[in-house]
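The structure appears below as structure tokens.
Every number here is computed from the coordinates shown, using simple stated rules; none is lab data. Because the structure is a prediction, the values reported are computed rather than measured. Cβ sites come from the backbone with ideal geometry, for glycine too, and all protein chains shown count toward neighbours.
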Amino acid sequence: MLIVHPSSVCDVCLEPYGWEEQARTPHAIPCGHIFCYSCLQLTTPSNCPLCRKAFLPQRIKKIHVDRFNGAIDDSSSPVCGSLTKRAKVHDR
Ligand SMILES: [Zn+2]
Ligand SMILES: [Zn+2]
């Protein structure tokens, strides 16, 4: 199981991963190590920067992360719902 925490950094460039830009998204290679997309593209020949195992650049797998840990789902929040309703005040 591959897990990346939102605070994880790439072991090559030591930059935190990002999800807005393709180049900053974490990708896994067959040996199980994870690096950002741009570092994997820049690695020539294609050997894992950590364990030197060869990988196919076409075969890297993008990692999906639940980066907001559910906090983004505010449509189902009962607190938000009731606040919105209460904001609509009849003034006549
Ligand atoms: Zn990197
Ligand atoms: Zn590796």
The stretch 1-66 - charge dipole about Cα centre, Lys and Arg +1 at Cβ, Asp and Glu -1, debye rounded to 20
360
Can you find, among Q58, V12, A23, the residue farthest towards the positive end of the dipole of the stretch 1-66? Put +1 on the C-beta of Lys and Arg, -1 on that of Asp and Glu.
Q58
